[in-house]
Amino acid sequence: MVVTVRPQEAAGSPARESRRLETDTSSQPSQQLMDVESPSGYLTASPSPAPVSAPMSPLSPTLVEDIESPDEEVCLPAVLQLRSRLIGSNRQKHLVIEQGLVTRLLQIMIEPKFSNEFKIAVTHTLGSLAKGLDFHVKALIDHGAVPVLLNSVVDTDPKLIEASLGCLRSIFQCANARSEDTLYSDPSIIPHLIGLMPTSVNNQISVATILTSACKTREHQDILCQHGLVPSLFQLLGSPHSSVQLPGLQCLTILMFSNENATKLVSEMSLNDQTMIERIETFMDRHRKIDLQLEASKCIAYLYRCGVLDESDKRITFKALPCVVRMTKKEASLEHRIFAADTLSYLIEISAELQRIAAISNHLISSMASFLTMDLSQEDKRALRNISADSSSHQQLSMNRYHMAQIKQKVDQTTNLSRDMKRSAFKVYAALGANDEEIRKRIIDTEHLLPCLLECLEDSNLDLQTAAIGCLHSLSRSVQLLRTTFQDHPVWRPLMNILSLPTSTVGMLIVASSTLCNLLLEFSPSKEPILESGAISLLCQLTHKFEPALRLNGVWALMNLSFQADQMIKVQIIKSLESDQVFRLLADQDVNVVMKTLGLIRNILSNKNHIDNIMGMDDYGKQIMQAVVLILESDRIPEVKEQALCILGHIADGDAAKDFIMSNEDVLKKVISYMTHHSTRLRTAAVFCIQNLIWAKERGATERQQRLKQMGVDKILQQLFESDDATLAEKVKGALEQMP
Amino acid sequence: MSFLMDNFNLQPRGLGGAASLMTEPPASCSAMAEAHPPYSSASSQSRHAPNLSHRLNPPREAINRLIMNYLVTEGFKEAAEKFQNEANIALPNDVGDMDNRIKIRTAIQTGQIRDAILIVHQLYPELLDDDRYLFFHLQQQQLIELIRESRVEEALKFASEQLAERGEEDPAILEELERTMALLAFENPEQSPFANLLSASHRQKVASELNAALLKAENAEYSQPKLAGLLKLLLWSQKELVKKGVEYKRVLDFDPSDPMDISLMPKTRNSQPQPPPPPQQLDYLGGPLIDQ
């Protein structure tokens, strides 16, 4: 195969030179290449199966000259000719941008002496450029096209306004555009755009699309709401055209995402005896276009998640949920399936009941399984290889940037699609399996799930990685899976890796450490290998993190780890965590962190031998006693103090360790005073501690009983014997039996 | 229209002959307006099942409305206006928009593809940028016209300068492009396996595709005639019945795998149906197109 290319210089060559080439060769097109290329210009095939490359002939210099002309009568026909060349050809768009014509086109737009007809033609030309490759759109933005076009939008000519809005829409639709800041830079722009909506069908579409792309933050949502976007969108939903309804719904959805104010506004809106929510509901009817059904379902999901709708609302259970579940089927298009799956996972994420209803579907879990097997086609794999082949081939310089961008954009699209499908599937599995063991069992039977999950845990894309961790987290709530599947597949390895990588996001760390907590449960076979790979120091580091959820998970995992553990492991935890950190954790603002820290100490101080040995370690016993006193003297809630009293109970279970309490009059008095506390749980915990101290068959029991009798413990026990609380009564009875 | 009659076993009455309708819109549609509804006409030759078709007898008015919808959607303005008088049925409101569509359709049906493209650029500057596949079909037709007129040099130049880029972007397009270029390899392309590209019905197909896109650009809810949807539904139902082994009387009998049939194209009788070319024939054309 023979491929012809033109070197870079030709494309950017001086005007005179290329004019000669064009006039020379125009009559004999088949020889054109021969004439301009040196013999070496004819290349034999590159090793890769490169596509059929046609020469990129530069714009005619006359055309360029005419476009530069200050005379409208010369320039307008040239612009029209340019527009015809551009439409449908990314290559021509590339040439025009490379030749720097964008600056000139934008100049025309701001020149007052030019007619609107001329400016409209230029706007259409710019609009065509905006439909090129992503980096063409970026070039437009970099040249300052957005402010110039916004300037035309305030013109009085409705046709110019419509054309400018259309062009802006194309620019904003490009995912990488990121030019929304310009819209918010001047407070008059947004209300003006919203005010333009009723003027024409095309303007409705354009403005709704622009605002959808430009609504990126909570702040943006609030600004748009303040300027009355919600009632304007309500109008759009009443349009007879589905081409208007869809952008209207899309804009509404993005406006309501996790925004209580916006959802409240929407829920209060009504027009001609129809509420806005009722209107949204009509778009979920089966005769509507699929896009509308899906978008409306998403709206309903957002309304529910913001608390406007109840989980048992019929619009959710009979419309939105069935719609998104149905659209995950293989028959639907890939884009629709991803959209449906994402909406589904968000909709059912926090409701066990909705999870249960969704799981009734007989196809959902297998439909999701087919998301995992979507992969790059052979052809795209080849294109991927060609990128590297292309970049190494110096002869293809002129085409390189364009080609690379073109191929890259295409391959990106396909890889994104395959990645998005996996991400969506993991999210659905995570949501489905969050609460129900039966559903989890059905999920784990999915073929390829675990291998795919393992692979994606190490993917370079953070979103996919996060979704994979989430799925694993849900599955790790199953005792059975922990014992079986997770033993066969070493999921802990990538998980530990994620926890130690600096690139991991906070969100990833939180879910990964939650999962690790489950994997460290006593009966989990993964516990041993995780320990061996340095889990303890990793978890101790987590307890130093700024985010309360990470500190909590760190302590939680340590607590699970220390449950019925070997003394060696306990000592390792003590040394690794350091007492300063223990005190910091006990003073944590998050009460859950305090609870789990106390739980950790309880677990460490269990088993008679361990208690004596560990309490006897250096200053450890003393520090623990200080910590307990600290908690008991604080104004923490009874649940926390109960844990502290339980620690004393554990210490009292030791032999030598009992002295830590018996020798400390202050602590003794405290324990005794809690025997008469108004909180039953604290009374129970205090009696538990006393019972251990006076246990009869142990060495020194008589002395301890004597001492406690002197302090009036026996009388208090007698009084407590009358208690209504069964647990407490039993504990008191047990304690009294120990005392002669 | 002739297609409809063939399949419904109707004899055209009051028409100048089906052949005259093949490449242009019908001048008169009275036959359809007066014709018996297709279901009852087919009942006389019941083959498979007890005749239930009397229950399915659609009112003539509904049929007339379907025909009007077809004429308006496909942009047959003159026929629509005649039909309005003959069948006493109102024209839909948005007929005014038909003028531009007719101008464009006429240009394509007479082979003036370049003109058609320029009008589209003028009236709908975003359309062909948004629908590159449609744009390719227009350019492909432009290429076909050049080949038809034996302007080989121009055809090659046009293909290499404008169409090669399309082929690079999309392998499906590349294949279609190669089939078109293959016409050049034959002394007499009309006798080649790819002759169907040169048929008038191919122009019709492109014209209809563009017509549908124009309707969509004007925010019309339905860019296809309702008849087309109805036929697809009918075919699907028949297929389902066959699949389930139900005996029934076939209403329609034609090859659904040929997209020409489904899109309600009038069939030309001049060109004999060609068998699809065996794939290995493409091999010798597998080389680069521009270097031929």
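The values are calculated or read from the model by the stated rules, or taken from the named source; none is laboratory data. Quick caveat: nothing in here was measured; it's all calculated off a predicted structure. We place every Cβ from the backbone using ideal geometry, glycine too, and count neighbours over all the protein chains shown. Just the protein is used for accessible areas: all its heavy atoms, side chains included, with ligands, DNA and RNA removed. Shrake-Rupley method; radii C 1.70, N 1.55, O 1.52, S 1.80 Å.
Here are the numbers for this structure:
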read-out: Residue that is in a loop (DSSP other than H, G, I, E, B), over 22 Å from residue A:278 (Cα atoms) and acidic (Asp, Glu), where the choices are A:335, A:331; value: A:331
read-out: Count - residues of region A:168-184 that are crowded, with 20+ Cβ neighbours inside 10 Å and either assigned to a helix (DSSP H, G or I) or at pLDDT 90 or above (or both); value: 6
read-out: Yes/no for residue A:669 being within 16 Å of residue A:704 (Cβ to Cβ), open to solvent by 30 Å² or more (accessible area, probe 1.4 Å), assigned to a helix (DSSP H, G or I) and in contact (Cβ under 8 Å) with a residue 24 or more places away in the chain; value: yes
read-out: Scan of region B:223-251 for residues that are acidic (Asp, Glu) and open to solvent by 60 Å² or more (accessible area, probe 1.4 Å), ordered by number; value: B:247
read-out: Residue check, residue B:165 among the acidic types (Asp, Glu), modelled with pLDDT under 90 and open to solvent by less than 40 Å² (accessible area, probe 1.4 Å); value: yes
read-out: Per-region count, region A:542-568, residues more than 16 Å from residue A:599 (Cα to Cα) and assigned to a helix (DSSP H, G or I); value: 6
read-out: Hey, residue A:187 part of a loop (DSSP other than H, G, I, E, B) and either open to solvent by less than 40 Å² (accessible area, probe 1.4 Å) or at pLDDT below 95 (or both) or not; value: yes
read-out: Hey, residue A:463 in contact (Cβ under 8 Å) with a residue 12 or more places away in the chain and part of a loop (DSSP other than H, G, I, E, B) or not; value: no
read-out: Test result for residue B:208, within 30 Å of residue A:202 (Cα to Cα), in a helix (DSSP H, G or I) and away from chain A (no Cβ under 14 Å); value: yes
read-out: Tally, over region A:442-458, of residues that are more than 13 Å from residue A:372 (Cβ to Cβ) and assigned to a loop (DSSP other than H, G, I, E, B); value: 3
read-out: Test result for residue A:263, of a type outside the set (Phe, Trp, Tyr) and not in a helix (DSSP H, G or I); value: no
read-out: Scope region A:365-411; condition in contact with a helix residue (DSSP H, G or I) (Cβ under 9 Å, 6 or more places away or on another chain), open to solvent by 30 Å² or more (accessible area, probe 1.4 Å), more than 14 Å from chain B (Cβ to nearest Cβ) and at pLDDT 75 or above; matching residues; value: A:373
read-out: Lone qualifier among A:221, A:235 - being farther than 22 Å from residue B:126 by Cα, without any contact (Cβ under 8 Å) to a residue 40 or more places away in the chain and either within 14 Å of another protein chain (Cβ to nearest Cβ) or out of contact with any Gly (no Cβ under 7 Å at 6 or more places or on another chain) (or both); value: A:235
read-out: Cβ-Cβ under 7 Å pairs, at least 6 apart or on other chains, region B:118-135 side over 19 Å from residue A:171 (Cβ atoms) and within 7 Å of chain A (Cβ to nearest Cβ), far side open to solvent by 30 Å² or more (accessible area, probe 1.4 Å) and modelled with pLDDT under 95; value: B:118/A:84; B:121/A:84
read-out: Meets criteria (open to solvent by 50 Å² or more (accessible area, probe 1.4 Å), over 47 Å from the mean Cα position of the chain (by Cα), within 23 Å of residue A:632 (Cα to Cα) and in contact (Cβ under 8 Å) with a residue 12 or more places away in the chain) for residue A:676; value: yes
read-out: Scan of region A:155-165 for residues that are surrounded by fewer than 22 Cβ atoms within 10 Å (Cβ to Cβ) and within 13 Å of chain B (Cβ to nearest Cβ), ordered by number; value: A:159, A:162
read-out: Sole residue being among the hydroxyl-bearing types (Ser, Thr, Tyr), more than 14 Å from every other protein chain (Cβ to nearest Cβ) and surrounded by 19 or more Cβ atoms within 10 Å (Cβ to Cβ), chosen from A:152, A:128; value: A:152
read-out: Residue satisfying condition, being more than 14 Å from every other protein chain (Cβ to nearest Cβ) and buried (at least 21 other Cβ atoms within 10 Å of the Cβ), within set A:78, A:121, A:145; value: A:145
read-out: Hits in region B:102-126 (condition: open to solvent by 10 Å² or more (accessible area, probe 1.4 Å) and either more than 22 Å from residue B:148 (Cα to Cα) or of a type in the set (A, V, I, L, M, F, W, C) (or both)); value: B:102, B:103, B:107, B:117, B:118, B:119, B:122, B:123, B:124, B:125, B:126
read-out: Tally of residues being surrounded by fewer than 18 Cβ atoms within 10 Å (Cβ to Cβ) and either without any contact (Cβ under 8 Å) to a residue 40 or more places away in the chain or assigned to a helix (DSSP H, G or I) (or both) across region A:338-356; value: 3
read-out: The one condition in (1) part of a loop (DSSP other than H, G, I, E, B); (2) within 21 Å of residue A:449 (Cα to Cα); (3) of a type in the set (Gly, Ala, Ser) that residue A:504 fails to fulfil; value: (2)
read-out: Residue satisfying condition, being in a helix (DSSP H, G or I), modelled with pLDDT of 95 or more and farther than 20 Å from residue A:348 by Cα, within set A:243, A:297, A:206; value: A:206
read-out: Cβ pairs under 8 Å, 6+ apart, first in region A:715-728 and of a type in the set (Phe, Trp, Tyr), second open to solvent by less than 100 Å² (accessible area, probe 1.4 Å); value: A:721/A:729; A:721/A:732; A:721/A:736
read-out: Residue A:157 vs. criteria charged (D, E, K, R) and touching a residue at least 12 places away in the same chain (Cβ under 8 Å); value: yes
read-out: Checklist (1) in a loop (DSSP other than H, G, I, E, B); (2) closer than 19 Å to residue A:696 by Cβ applied to residue A:635, failing item; value: (2)
read-out: Residues of region A:571-625 classified as buried (at least 17 other Cβ atoms within 10 Å of the Cβ), of a type in the set (A, V, I, L, M, F, W, C) and assigned to a loop (DSSP other than H, G, I, E, B), total; value: 1
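For every residue, the table says whether it meets (1) facing chain A (nearest Cβ under 8 Å); (2) open to solvent by less than 10 Å² (accessible area, probe 1.4 Å); (3) within 16 Å of residue B:114 (Cβ to Cβ).
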residue: B:138; (1), (2), (3): no, yes, yes
residue: B:144; (1), (2), (3): no, yes, yes
residue: B:148; (1), (2), (3): no, no, yes
residue: B:157; (1), (2), (3): yes, no, yes
residue: B:169; (1), (2), (3): yes, no, no
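Results for (1) assigned to a helix (DSSP H, G or I); (2) more than 16 Å from residue A:90 (Cα to Cα); (3) without any contact (Cβ under 8 Å) to a residue 24 or more places away in the chain; (4) within 13 Å of chain A (Cβ to nearest Cβ), shown as yes or no for each residue.
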site	(1), (2), (3), (4)
B:154	yes, yes, yes, yes
B:162	yes, no, yes, yes
B:174	yes, yes, yes, yes
B:178	yes, yes, no, yes
